[in-house]
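J.: Here it is, the structure, as structure tokens.
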Amino acid sequence: MIHKAERTQLVHRMGPFVIRRNHPGRAAPGHNDHGFGPLAAMDDATLDPGTHIRLHEHRNEEIVSYIVKGVMRHRDTAGYELDLTPATLMVMNAGASFWHEERTLHDDEPTRVLQIFVRPHALDLEAGLQFRELEAPEPGRWRQIFGPDGSGAPSIVRNRIALHDIVLPAGADAALPVMEDWDTYFYVFDGAVEAGGLAFGDGEGGLVVDEPALRLTAPDGARLVAFQIDRNATVTREGTIGR
């Protein structure tokens, strides 16, 4: 079964920084949690040139920064200063406490970032940061972005959830990636796809439950991400943002 998640109406505008917060659990009828298992929330955010998000703390959540366009400049109290681009991925395993700030420079282009909030399996884990170069995407082929420990993914989050992305050329189709006994949530951030008799445009998503063989078709091309989620995983609910 596939449940459609419409484009979110939960928008936070903070001058040059705009967040569109997506709660995947809202797509499931009768589901009493805004998150869905380990996937607590997902921010589709834009930063204008010259944006400064001041130093702030995260606790008890895994924060994945996936850059769609532009550059976001990260600095933290652990001593890291990193420029995040579409060719890189950053995972903050916030654990007990992690402080960081983000900015764009005045001569940067507008930046779009997907920030993903994962509920870890336990409270007050050791804090750390992962920064990885991503393999170049191949049109029409799923690319793994992160996964749980032991999955062989390039970056690790501390719960039973994985992420892939794909760029579909116009007219192409692809099978939605699945894992046995797990569910899948996909999100479109460029273009549109058709799946299960439904259409999904920019900013819309689909929660796929007990549907092992679903294909996505992109009549005019699309770029999207897909999460594989163990909804029965042990989770904590004390994160700074993604409770």
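Every number in this text was worked out from the coordinates using simple rules, so none of it is lab data. This is a predicted model, so every value here is computed, not measured. Every residue, glycine as well, gets a Cβ built from its backbone with ideal geometry; the counts of neighbours run over all protein chains shown.
J.: How about the stretch 145-234: which chymotrypsin sites (Phe, Trp or Tyr not before Pro) there lie in a loop by DSSP and see at most 13 other Cβ atoms within 10 Å?
T.: Those that pass, being in a loop and sparsely packed, number zero.
J.: Here is a follow-up. Only sites in a loop by DSSP and with at most 14 other Cβ atoms within 10 Å count here; which GluC sites (Glu not before Pro) in the stretch 173-210 make the cut? Please list the in-between numbers first.
T.: Working: sites: GLU180, GLU194, GLU204; in loops: GLU180, GLU204.
Filter output for the stretch 173-210: GLU180.
J.: Return the equivalent ellipsoid semi-axes of the stretch 96-238 as a descending list in whole Å, where each equals the square root of 5 times an eigenvalue of the C-alpha gyration tensor.
T.: Details: eigenvalues 144, 93, 37 Å².
Semi-axes, largest first: 27, 22, 14 Å.
J.: Pick out, in residue order, every one of the GluC sites (Glu not before Pro) in the stretch 87-156 that is DSSP loop and has at most 11 other C-beta atoms within 10 Å; say none if there are none.
T.: Answer in residue order: GLU126, GLU135.
J.: So what are the stretch 130-211's ellipsoid semi-axes, whole angstrom, largest first, if each one is the square root of 5 times an eigenvalue of the alpha-carbon gyration tensor?
T.: Working: eigenvalues 103, 57, 24 Å².
Over the Cα atoms of the stretch 130-211, the ellipsoid semi-axes are 23, 17, 11 Å.
J.: What Kirkwood radius, in Å to one decimal, follows from the Cα pairs of the stretch 2-229?
T.: Details: mean 1/r = 0.0559 Å⁻¹.
By the Kirkwood definition, the hydrodynamic radius is 17.9 Å.
J.: So, one more: Above 16 angstrom, tally the Cα pairs of the stretch 1-64 and express them as a % of all pairs, no decimals. All intermediate terms of the calculation are to be shown ahead of the outcome.
T.: Working: 1171 of 2016 pairs.
Looking at the stretch 1-64, the distances longer than 16 Å represent 58 percent of pairs.
J.: Quick one: putting +1 on the C-beta of Lys and Arg, -1 on the C-beta of Asp and Glu, what dipole do you get for the stretch 2-229 around its Cα centre, in Debye to the nearest 20? Before the final figure, lay out each step's value.
T.: Working: 21 positive and 34 negative charges, 67 e Å.
Charge dipole, the stretch 2-229, about its Cα centre: 320 debye, nearest 20.
J.: Can you work out D for the stretch 68-171 in µm² s⁻¹ from Stokes-Einstein, where Rh is the Kirkwood radius over C-alpha pairs, the temperature is 37 °C and the viscosity is 0.692 mPa s? Walk me through the numbers on the way to the answer.
T.: On the way: Rh = 15.2 Å.
Result for D is 217 µm²/s.
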